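Heads up: the structure comes next, in structure tokens.
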């Protein structure tokens, strides 16, 4: 069982459930609400829309369970892509700090708004972890710096950074 260090932004992810729920309601109306006026194909289409919407809700709910950063058995886990997390040995993670960058939220001013980001600095000796492919919406990984977009994290502040660095020091220091 892993220890969660940074949680996702529950409000932002839960907001993503609204469009599939609206589609599910539309599908239910198509399948059952039209009464005898609807033909068989209309009911099948409504049922298909409901099933597709249910799958989309399941994906969003699954994202609520995935932390952004966790720790397990000597490895710091970065959840910045689909599939398994990127597991970096704890001795290669040097520090966490706050950064700032574009929010990458859609809309007319896309990219104009800045957000607070979480940055993890990795050791230069960890060459195999210098660059990793991640979802651009979730973060950026380049030259040993892991930038996690604050839009998709729990609210980031100085206390979160202190907690992360304190915990990093605790798990990095061998017991005496």
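All of the numbers you see were taken from the coordinates with simple rules; none came from a lab. Please read all numbers here as calculations on a predicted model, not as lab measurements. Note that each Cβ is placed from the backbone with ideal geometry, even for glycine, and that neighbours are counted across all protein chains shown.
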*Rg and Dmax of the range 10-65, using alpha carbons, in Å: what are they?*
13.1, 42
*asked:* Under 8 Å for C-alpha pairs, at least 6 residues apart: give me the relative contact order for the chain, rounded to a whole percent.
replied: 21
_Degrees between helix 40-65 axis and first principal axis of the chain (Cα, 0 to 90, nearest 10)_ = 20
_From the helices alone, meaning DSSP H stretches of at least four residues, give me the mean residue ellipticity at 222 nm for the chain, per-run term -39500 (n - 2.57), in deg cm²/dmol to the nearest 500._
-10500 deg cm²/dmol
*State the percent of C-alpha pairs, over all pairs in the range 68-172, separated by a distance greater than 20 angstrom.*
37
*Compute the acute angle (0 to 90°) between the alpha-carbon long axis of helix 18-28 and the principal axis of greatest extent of the alpha-carbon atoms of the chain; round to the nearest 10°.*
20
*R0 = 41 Å: FRET efficiency of residue 100 with residue 61, Cβ-based, nearest 0.05?*
0.85
*Please compute P(r) over all alpha-carbon pairs of the chain, binned at 5 Å starting from zero, and give each bin as a whole-number percent.*
1, 8, 14, 17, 15, 12, 9, 7, 6, 5, 3, 2, 1, 0, 0, 0
*Return the whole-Å distance between the Cα centroid of the range 38-72 and the Cα centroid of the range 120-176.*
31
*If you stretched the chain out fully between residue 22 and residue 47, how much longer would it get, using 0.36 nm times the residue separation minus the C-alpha to C-alpha distance?*
7.6 nm
*asked:* Per-residue counts of other Cβ atoms within 10 Å, averaged by peptide: what ranking do you get for 141-147, 75-81, highest first?
replied: 75-81, 141-147
